[in-house]
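Okay, so here's the structure we're looking at.
The values are calculated or read from the model by the stated rules, or taken from the named source; none is laboratory data. The model shown is predicted, which means the values in this text are computed figures rather than measured ones. As a convention, Cβ positions derive from the backbone with ideal geometry for all residues, glycine included, and neighbour counts pool all protein chains shown. These accessible areas exclude ligands, DNA and RNA; they are computed on the full protein's heavy atoms, side chains included. Shrake-Rupley method; radii C 1.70, N 1.55, O 1.52, S 1.80 Å.
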Amino acid sequence: MAACHLLSSPSLIVPNRLPSFIPKVQFRPTTRKPLSVTAAGFFGSKSAGSFLLALGVSISVGVGIAEARVGVNKPELLPKEFTPVIDVAGFLSDGQEKRLSQEIGNLEKDTGYKLRLLAQNYPETPGLAVKEYWNVDDRTIVFVADPTFGNILNFNVGASVDLDIPRSFWSRLAGKYGNMFYWKEKGEDGSIEAAVMAISSCLREPVGANNCTEVK
């Protein structure tokens, strides 16, 4: 099952205790509660655990609290030069990587939102090393494409992004392009490309009551 999680500063939704990989970032106050949502629209710590596992973190869940422990941290799997697209699973061709990197770069230039894509097959992942490599902050969306958990689309959403984008968008996106039937028919690359273009389209819409109501 895919998962979408809010980075509050940014922070994954692990009640009362944050994993060590989360940077402390100052952001404008908001009364919205932190988000943890799967493709099915379920809110709770179990979906937060799914995303942490996607990044190579092991979770032990107790009553009302989830404790994160580092499971994978492989900076050696990171590219030598900066890129917003890291494909350690080999889902994408060189041409696809180039097109997606260009789309993500243009999106950041035009909107200020930082979309970052990690394609992996857990546990073969740089894991926690992406945080520093990408300088993850409250305007960052970390998109982990990993078929290990059934739904290939996993999202970690920054606090500022959450203020502008309806929370339902991420679960609808995962439901449309991340389900197993879709990516097995279209391929992992097809699912990834469709998701990136849908995110780009959404983030370019004017912020308002009706933005991102449709997954394109």
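Laid out as a table, the results:
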| item | result |
| --- | --- |
| Cα-based Kirkwood hydrodynamic radius, segment 94-216, one decimal, Å | 14.7 |
| Computed over segment 149-205, the ratio Rg/Rh where both radii use C-alpha atoms and Rh is Kirkwood | 0.98 |
| Pair Glu132, Asp94: separation of 7 Å Cα→Cβ label points (nm) | 3.1 |
| Efficiency of FRET from Cβ geometry, Ala209 and Lys80, R₀ 30 Å, rounded to 0.05 | 0.10 |
| Accessible carbon and sulfur surface of segment 70-216 relative to its total accessible area, %, 1.4 Å | 49 |
| Antiparallel bridges, percent of DSSP beta bridges restricted to segment 64-216 (to nearest 5) | 45 |
| Alpha-carbon centroid distance for the pair segment 194-216 / segment 98-170, whole angstrom | 15 |
| Efficiency of FRET between Glu124 and Leu163 - r from beta-carbon atoms, R0 30 angstrom, step 0.05 | 0.30 |
| Percent of beta bridges antiparallel (DSSP, segment 80-162, rounded to nearest 5) | 40 |
| Ratio of the Cα radius of gyration of segment 77-166 to 2.2 N^0.38 Å, where N counts its residues | 1.06 |
